[in-house]
Amino acid sequence: MKYAIIIPDGCADEPIEALGGRTPLQAADVPAMDEIARLGVVGRSNNTPAHLPAGSDVANLSLFGYDPHVYFTGRAPLEAAAQGIKLAPDDWAVRCNLVSVIGGVMRSFTADHITSSEAAELVKAVQWRLGAENLEFVPGVSYRNLLICRGGKVPAPFSSETKTTPPHDITDQPVAPYLPTGPGSELLNTLMGFSRPLLASHPVNFARQDAGKLPATQVWLWGQGKTPFLTSFLELHGKRGKMITAVDLLRGLAALIGWDRIEVPGATGYTDTDYAAKGRYAIAALKTTDIICVHVEATDEASHEGDFRKKIEALEQIDLHIVTPLHAALKSHGDYRILVTPDHPTTCRSKTHSHGHVPFALCGSGVKAAGAATYDEVTAAKSELCFDRGWELMPHFLNG
């Protein structure tokens, strides 16, 4: 049996007046996703328990069958794993966004989609001025970077009571009410404050402003946590898998559950990603794995920008270049199953992740058609197939 999972990140949404009361998923032309719905079943799952953050970290742990109550320790440790950074038991990883805060308002949590090369220069400068024996700023992909706090002689002051806010949750809002609080917050706030004058005088930001782009005005620290210890996917579910993604969160999760990661040229983690290349690499991987997972960040990025048209376009590109050819390839392999599901909702209205159920569609060998005509939130809401504990969907997909 071959399995495929396609994750259009954050594609679940709410009705939009400009779309005639439809969601982007309803408005999009996605015949391949609709075919999966017709051939199989549509349902819904809740991957983000109400008392845990409504983020991709919690949601994707659930999606892959890991109870976040047991395994979730924070977002940054997953991204550290993607870079091969080893965390000792007393070490903490902290997500370090480069952001644009102007007039005290979060204008861009991506620093206007700063490039990885620009970000690396800025992070290097921050490390030179603010780094210490137990503090290391590590460049990542674009605005997504890390701060590693080693235990050692000066233990990291954080605890489960440390509260931080994802910058993508406060787009166009004043940042003051969302600064870190609790144990270790003085350190985080100090580093964030010291980064402002440092970055303001950096040549990278002068060049960006000359080009009409927003500068990266500071670092924003959040998502702290210690390294999680995840049971391997093979031990938990009895299958081997490979991951295609452009974001470190999913790369890190793959590393921690024992999956190989496939790097696809042209995969950017944004709406300009090479969808067709992801489809080709996924098909090629079917020969060497039980499960191929294709994660696409574009739909989530469009949601964070509040751009439903861009979200619809991303959905249609995923359908045309990934779902269509991958489903056809699966059929040629014999017994198969395919699952399409986002991790969490991200509404264009709020521009942020939210709690709540997401729609999924799956079909394949041993799955009886349940009469659904389309894959969308409305169809899923009418289905009797519901996983209030989202981590129960994966074993159902693999074995149900």
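Residue-by-condition table, conditions (1) without any contact (Cβ under 8 Å) to a residue 12 or more places away in the chain; (2) touching a helix residue (DSSP H, G or I) at 6+ places or on another chain (Cβ under 7 Å); (3) not in a helix (DSSP H, G or I):
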| site | (1), (2), (3) |
| --- | --- |
| Cys293 | no, no, yes |
| Glu316 | no, no, no |
| Ile322 | no, yes, no |
| Val367 | no, no, yes |
| Ala372 | no, yes, yes |
| Ala381 | no, no, no |
| Met394 | no, yes, no |
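Being out of contact with any Phe, Trp or Tyr (no Cβ under 6 Å at 6 or more places or on another chain), of a type outside the set (Gly, Ala, Ser) and under 15 Å from Gly252 (Cβ atoms), is that true of even one residue in the stretch 37-59?
yes
In the stretch 15-28, which residues are part of a loop (DSSP other than H, G, I, E, B) and touching an Asp or Glu at 6+ places or on another chain (Cβ under 8 Å)?
Of all residues in the stretch 15-28, those part of a loop (DSSP other than H, G, I, E, B) come to 15, 20-21, 23, 28.
Result: Thr23, Ala28.
Only one of Leu78, Leu87 is modelled with pLDDT under 95, part of a loop (DSSP other than H, G, I, E, B), among the hydrophobic types (A, V, I, L, M, F, W, C) and within 30 Å of Ile257 (Cα to Cα). Can you tell me which? Can you show your working first?
Numbers: Leu78 fails: part of a loop (DSSP other than H, G, I, E, B).
Residue meeting the stated conditions: Leu87.
Which numbered condition trips up Ile338, out of (1) touching a strand residue (DSSP E or B) at 6+ places or on another chain (Cβ under 6 Å); (2) surrounded by fewer than 19 Cβ atoms within 10 Å (Cβ to Cβ)?
Failed condition: (2).
Among the hydrophobic types (A, V, I, L, M, F, W, C), at pLDDT 95 or above and surrounded by fewer than 24 Cβ atoms within 10 Å (Cβ to Cβ): which single residue out of Ala328, Ala298 fits that description?
Values: Ala298 fails: surrounded by fewer than 24 Cβ atoms within 10 Å (Cβ to Cβ).
Unique residue meeting the criteria: Ala328.
Would you confirm whether or not the stretch 180-203 contains a residue that is closer than 20 Å to His353 by Cβ, out of contact with any Cys (no Cβ under 8 Å at 6 or more places or on another chain) and not polar (S, T, N, Q)? Reasoning before the result, please.
If we filter the stretch 180-203 for residues that are closer than 20 Å to His353 by Cβ, which is where we start, we get 180.
Now drop any that are not out of contact with any Cys (no Cβ under 8 Å at 6 or more places or on another chain), which leaves 180.
Add one more test, that the residue is not polar (S, T, N, Q), and what stays is 180.
Yes, the stretch 180-203 contains a residue that is closer than 20 Å to His353 by Cβ, out of contact with any Cys (no Cβ under 8 Å at 6 or more places or on another chain) and not polar (S, T, N, Q).
Among what's in the stretch 1-45 and is among the small types (Gly, Ala, Ser) and free of Cβ contacts under 8 Å to residues at least 40 places away in the same chain, pick the residue that is surrounded by the fewest Cβ atoms within 10 Å (Cβ to Cβ). Walk me through it before giving the result.
Our first condition is that a residue be among the small types (Gly, Ala, Ser); within the stretch 1-45, this holds for 4, 10, 12, 18, 20-21, 27-28, 32, 37, 40, 43, 45.
Narrowing further to those that are free of Cβ contacts under 8 Å to residues at least 40 places away in the same chain: 20-21.
Numbers: Gly20: 9, Gly21: 11.
Here the residue is Gly20.
Considering only the stretch 130-153, I want to know if a residue exists there that is touching a strand residue (DSSP E or B) at 6+ places or on another chain (Cβ under 8 Å), of a type in the set (Val, Ile, Thr) and either assigned to a loop (DSSP other than H, G, I, E, B) or at pLDDT below 95 (or both).
The answer is no, given that none of the residues of the stretch 130-153 is touching a strand residue (DSSP E or B) at 6+ places or on another chain (Cβ under 8 Å), of a type in the set (Val, Ile, Thr) and either assigned to a loop (DSSP other than H, G, I, E, B) or at pLDDT below 95 (or both).
With Ser100, Ser62 as the choices, which residue is in the same structural domain as Asp169 (by TED's automatic domain parsing) and closer than 29 Å to Glu313 by Cβ? Outline the logic, then answer.
Working: Ser62 fails: in the same structural domain as Asp169 (by TED's automatic domain parsing).
Step by step, each of Ser100, Ser62 is checked, and only Ser100 is in the same structural domain as Asp169 (by TED's automatic domain parsing) and closer than 29 Å to Glu313 by Cβ.
Quick check on the stretch 251-271. Is at least one of its residues closer than 29 Å to Lys86 by Cα, part of a strand (DSSP E or B), of a type in the set (Asp, Glu) and not assigned by TED's automatic domain parsing to the domain that holds Val141? Explain how you work it out, then say what you get.
Narrowing the stretch 251-271 to residues closer than 29 Å to Lys86 by Cα: 251-270.
After this cut, where a residue has to be part of a strand (DSSP E or B) as well, the list is 260-262.
Then drop every residue that is not of a type in the set (Asp, Glu), which leaves 260.
Those left that are additionally not assigned by TED's automatic domain parsing to the domain that holds Val141: 260.
Yes: the stretch 251-271 contains one or more residues that are closer than 29 Å to Lys86 by Cα, part of a strand (DSSP E or B), of a type in the set (Asp, Glu) and not assigned by TED's automatic domain parsing to the domain that holds Val141.
What residue, among those in the stretch 255-270 that are surrounded by 21 or more Cβ atoms within 10 Å (Cβ to Cβ) and under 15 Å from the mean Cα position of the chain (by Cα), is modelled with the lowest pLDDT?
Among those that are surrounded by 21 or more Cβ atoms within 10 Å (Cβ to Cβ) and under 15 Å from the mean Cα position of the chain (by Cα), it is Gly269.
What's the number of the condition Lys242 fails, among (1) crowded, with 22+ Cβ neighbours inside 10 Å; (2) farther than 20 Å from Tyr71 by Cα; (3) in contact with a helix residue (DSSP H, G or I) (Cβ under 6 Å, 6 or more places away or on another chain)?
Going through (1) crowded, with 22+ Cβ neighbours inside 10 Å; (2) farther than 20 Å from Tyr71 by Cα; (3) in contact with a helix residue (DSSP H, G or I) (Cβ under 6 Å, 6 or more places away or on another chain) one by one, Lys242 breaks only (1).
For residues that are touching a Phe, Trp or Tyr at 6+ places or on another chain (Cβ under 8 Å) and more than 19 Å from Arg309 (Cβ to Cβ), tally how many sit in the stretch 332-361.
Total satisfying the criteria: 8.
The values are calculated or read from the model by the stated rules, or taken from the named source; none is laboratory data. Source: prediction; values computed, not measured. Don't worry about glycine lacking a Cβ; one is built from the backbone with ideal geometry, like all the others, and counts go over all protein chains shown.
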